[in-house]
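Okay, structure first, notes after.
The values are calculated or read from the model by the stated rules, or taken from the named source; none is laboratory data. This structure is a prediction, so every number in the text was calculated from the model and none was measured. Positions of Cβ are backbone-derived with ideal geometry, glycine not excepted, and every protein chain shown enters the neighbour counts.
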Amino acid sequence: MVKEYLNFDDLDPIDKDWFITETWCDYCDKADLGIMKPKLYRENGKEFIEGKCHKCWNTVITEVVIQHIKGEKPKW
């Protein structure tokens, strides 16, 4: 299980903004607290964003799931 780090800036700007502002913190047990210092990585065929909670500074990990309209190819 090796993390393959990807370039966070390769995400669509709308997706980037959503992930860093709407992320749930398991420690605060609240939604939409946001994260700082986001890192995008792939592990076991799935992609994740890891960062620090804006409120408590604990590490937050969110799986990246982007749904695209049928027929539209992902941009990254």
| message | Under 9 Å between Cβ atoms, which residue pairs at least 6 apart in sequence (or on different chains) link something in the range 1-16 that is touching a residue at least 60 places away in the same chain (Cβ under 8 Å) with a partner that is of a type in the set (D, E, K, R) and assigned to a loop (DSSP other than H, G, I, E, B)? | response | Asp10/Lys75; Leu11/Lys75; Asp12/Lys75
| Subset of the range 3-22 that is within 14 Å of Glu47 (Cβ to Cβ) and part of a loop (DSSP other than H, G, I, E, B) - its residue that is farthest from the chain's Cα centre (by Cα) | Lys3
| Quick one: what pairs do we get from the range 51-73, first residue among the basic types (Lys, Arg), second at pLDDT 90 or above and in a loop (DSSP other than H, G, I, E, B), C-beta under 6 Å, 6+ apart or different chains? | Lys55/Cys28
